[in-house]
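See structure below.
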């Protein structure tokens, strides 16, 4: 299930090596060997209320729907169509079930999405939901999943982490400077030339010379 949660757009390839396609009539669903068609792309929608299931939306914006209507009168398998119900209830929900290297898609009624292997009408290339038990048809419910596009959520989460780290770094740089500590004041050239309080007093050398001359006159 985690594998499909990471996918945004997928393709489903049946046991017969044919792809699940949404028909151009925007109603029917069938299978074809051409997986390059836009009709083979299904958008995965996650369901918050039911994390074990998902919805599959066709290129026409309609949901893969498991109806309770029999595919043919008297046949136990039921129809699968693409619809747009007013309420997105359990009929458009599919639970992926891992079976070795492949997947099964289980509808709300417990039946599985099935790709017919019959080559004659009206069964040729049909899609139903069924719970086959015989060896001939049990592989009809097995699907390979090709991831076409990865969900962007992981990239967005990484971007959010980078933004948080960047904000933390800038906060750390700002926090290292104490906002209460005054900024150092620049000292002008004139102020630096003045005598500092702790510096020695300036001595007047001229007064010393005069006192020495007076002393010499007295001695003579």
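A few comments on the model shown:
- Single match in 134, 126 (criterion: farther than 25 Å from residue 8 by Cα and touching a strand residue (DSSP E or B) at 6+ places or on another chain (Cβ under 9 Å)): 126
- Tallying residues that are in contact with a helix residue (DSSP H, G or I) (Cβ under 9 Å, 6 or more places away or on another chain) and not in a loop (DSSP other than H, G, I, E, B) within the range 107-127 yields 4.
- For the range 49-85, the tally of residues that are in contact (Cβ under 8 Å) with a residue 40 or more places away in the chain, over 21 Å from residue 104 (Cβ atoms) and under 32 Å from the mean Cα position of the chain (by Cα) stands at 2.
- Count of the range 22-38 residues which are within 26 Å of the chain's Cα centre (by Cα) and buried (at least 20 other Cβ atoms within 10 Å of the Cβ): 0
- Residues that are surrounded by 13 or more Cβ atoms within 10 Å (Cβ to Cβ), touching a helix residue (DSSP H, G or I) at 6+ places or on another chain (Cβ under 6 Å) and under 19 Å from residue 139 (Cα atoms) do occur in the range 1-15.
- Residue count for the range 40-50, restricted to those that are farther than 14 Å from residue 89 by Cβ and either modelled with pLDDT under 95 or surrounded by fewer than 20 Cβ atoms within 10 Å (Cβ to Cβ) (or both): 3.
- One residue from 107, 53 being more than 23 Å from residue 18 (Cα to Cα) and buried (at least 19 other Cβ atoms within 10 Å of the Cβ): 53
The values are calculated or read from the model by the stated rules, or taken from the named source; none is laboratory data. Source: prediction; values computed, not measured. Counting neighbours? That spans all protein chains shown, and the Cβs are built from the backbone with ideal geometry, glycine included.
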